[in-house]
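Comments concern the structure below.
The values are calculated or read from the model by the stated rules, or taken from the named source; none is laboratory data. Quick caveat, the model's predicted, so the values are computed rather than measured. Every residue, glycine as well, gets a Cβ built from its backbone with ideal geometry; the counts of neighbours run over all protein chains shown.
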Amino acid sequence: MDGSGNINFLKKTSSDHLPRKEILDALPLHLRELIQGLPSSLWNSMEEIRLRTNQPLLIHSLNKDIFVYSNGGIGSEISKAYVVTKLDLEKTFQLVTDYSVYALEEDIKKGFITIRGGHRVGISGRTVMNGSAIKTIKDISGLNIRISRQKIGISDAYMEHIVASNNIFRNTLIVSPPQCGKTTLLRDMVRNLSNGMIKRGFQGFKVGVVDERSEICGTYQGIPQNDIGIRTDILDACPKAEGIMMLIRSMSPQIIATDEIGKLDDVLAIEEALNAGVKVLTTVHGHSLDEVSKRPNLRKMMEENIFERIIILSNQPRVGTIQSILDGKTKVPLL
Amino acid sequence: MVKAILSIIIILSASFIGYILSYKYVQRPRQIKHLFLSLQLLETEILYLLTPLPQALKKVGGKSSMELNRIFTEASELLEKKDGFCIEDAWRQSVEKHYHFTSLTEEDKEALIDFGMSLGTVDRDHQLKNFHFIYGQLKKQQQSAEELRSKNERMYRSLGVLLGVAIVILFL
């Protein structure tokens, strides 16, 4: 049951899926021409495309910034770089919003939108306030197209650490600095937990995902663009604390998965879930376990040792490296 | 006998020409009314159902009257192709291309094109304002179209008949 034949998940299930067309569709014609001709090695490693008004067009890949030249070439000379105009940004914005700013108001308020394929486009500009709440963003001055790549199978080898032999999932916390692949790992774990792995001796769990920032599932118009398994229920764009309670009440999940906890409300909701007998899989920003334990909102939770497994990620030697897996109680490295 | 038949043919064809000339004056208020209805459908799609614009235009096109549906469906097709069209251009191109097949005037066309300028690119409040603005314009246009119709419809028709009769009398 690897879910590869599941047609409900658009395209992304195939490992050779290239996000190329989805990204090109989001760019206006002349930018498309510039980017189209890039070498495929760059396409495969591309993480972000950055557009800022009157600044060079940048591609971020493998921790490096690459300039795109006006003639379609690439390199590191800033003088040859193509300079993004305000019009480019406006046109791109129309394309990424699918010509429907009115339909995405809520997303724009949060500062990002999800496009077909689950890629996320971050927005910066001038915010318009309504009282103390952000109403919308206007005069868009920067767009960041973040290419999402589902890495199917990256968690396969680690599943035995988080699922005990008698089909019991262990509460797991993933600790990782930003940009180290924590969401990617979480997503793949959700997929494996939801599908079950007969070979490794566990059956599928009912998984509820609270996807506050549409990052885990990459939901576009209600359909998850990533393969997140057959027994997964998604609350898209829902605040974590409320979402966790909603799932417990209505969807009877065995495991709740969510990304980037940090607020006090999140912690309380997680405790509530544990009291209700639901297991938790979540992630947190941080470089080490010590650092996380010192955060005021998380300290209590860490002292209570509610997580049975702690996975620490790093980007050395490359993004997504699992530095260690610790036993939650004894803090003894298992890997 | 032949004379009589010819006279009748002349009178009939002249009145037919008069009828054709009056046709666009009769059609215009009707089409403006249909346009009004189509735009109201679009408003519902946009403001309440939050349908993305290309799909919304397509749906409205499907429900619009025969003369108008191409304006909406073509704009939708242009946008869906994702050829890097911006809304304004796609809408303008579609309106320019298809308004010839309607009885709408240059003035109506300009109003429609202006309407397209802020379609989809602004938030809901502004969409609403935009819709109300074009409704106001269309109402005015409809009034003037109605006036023109009552003036010209009868004039062209009777002019046609009279011209036919005049020709017949001249030749008799």
So for region A:126-134 (the condition being in contact with a helix residue (DSSP H, G or I) (Cβ under 6 Å, 6 or more places away or on another chain), part of a strand (DSSP E or B) and farther than 20 Å from A:THR53 by Cβ), does at least one residue qualify?
yes
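I'm checking my understanding of the structure. Among residues of region B:24-59 that are more than 14 Å from chain A (Cβ to nearest Cβ) and in contact with a Ser or Thr (Cβ under 7 Å, 6 or more places away or on another chain), which one is farthest from B:THR102 (Cα to Cα)? Let's see the steps before the verdict.
Restricting attention to region B:24-59, the residues satisfying the condition of being more than 14 Å from chain A (Cβ to nearest Cβ) are B:24-41.
Cutting the leftovers down to in contact with a Ser or Thr (Cβ under 7 Å, 6 or more places away or on another chain) gives us B:24, B:27-28, B:31, B:34, B:38.
On the way: B:LYS24: 9, B:GLN27: 8, B:ARG28: 8, B:GLN31: 8, B:HIS34: 11, B:SER38: 15 Å.
Here the answer is B:SER38.
Looking for whichever is closer than 27 Å to B:TYR48 by Cβ, aliphatic (A, V, I, L, M) and touching a residue at least 40 places away in the same chain (Cβ under 8 Å) here; the options are A:ILE145, A:ILE154, A:ILE162, A:ILE115. Which one fits?
On the way: A:ILE145 fails: closer than 27 Å to B:TYR48 by Cβ; A:ILE154 fails: closer than 27 Å to B:TYR48 by Cβ; A:ILE162 fails: closer than 27 Å to B:TYR48 by Cβ.
Matching residue, one of A:ILE145, A:ILE154, A:ILE162, A:ILE115: A:ILE115.
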Please pick out the residue among B:GLY116, B:GLY120, B:GLY61, B:GLY164 that is surrounded by 18 or more Cβ atoms within 10 Å (Cβ to Cβ) and under 30 Å from B:ILE8 (Cβ atoms).
B:GLY164
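Kindly establish whether B:ARG70 is within 14 Å of another protein chain (Cβ to nearest Cβ) and either crowded, with 18+ Cβ neighbours inside 10 Å or touching a residue at least 24 places away in the same chain (Cβ under 8 Å) (or both).
On the way: within 14 Å of another protein chain (Cβ to nearest Cβ): no; either crowded, with 18+ Cβ neighbours inside 10 Å or touching a residue at least 24 places away in the same chain (Cβ under 8 Å) (or both): yes.
Answer is no for this residue.
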Considering only helices (runs of 4 or more DSSP H) fully contained in region A:240-334, which possess at least 3 residues that are among the hydrophobic types (A, V, I, L, M, F, W, C) and modelled with pLDDT under 90?
A:296-303
B:THR102: passes all of (1) β-branched (Val, Ile, Thr); (2) touching a residue at least 60 places away in the same chain (Cβ under 8 Å); (3) surrounded by fewer than 21 Cβ atoms within 10 Å (Cβ to Cβ) but (3)
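Just need a number here: residues in region B:40-58 that are under 21 Å from B:GLN142 (Cβ atoms) and surrounded by 20 or more Cβ atoms within 10 Å (Cβ to Cβ). First the steps, then the outcome.
Taking region B:40-58 first, the residues under 21 Å from B:GLN142 (Cβ atoms) are B:40-44.
Filter once more, so that each one left must be surrounded by 20 or more Cβ atoms within 10 Å (Cβ to Cβ): B:42.
So the answer is 1.
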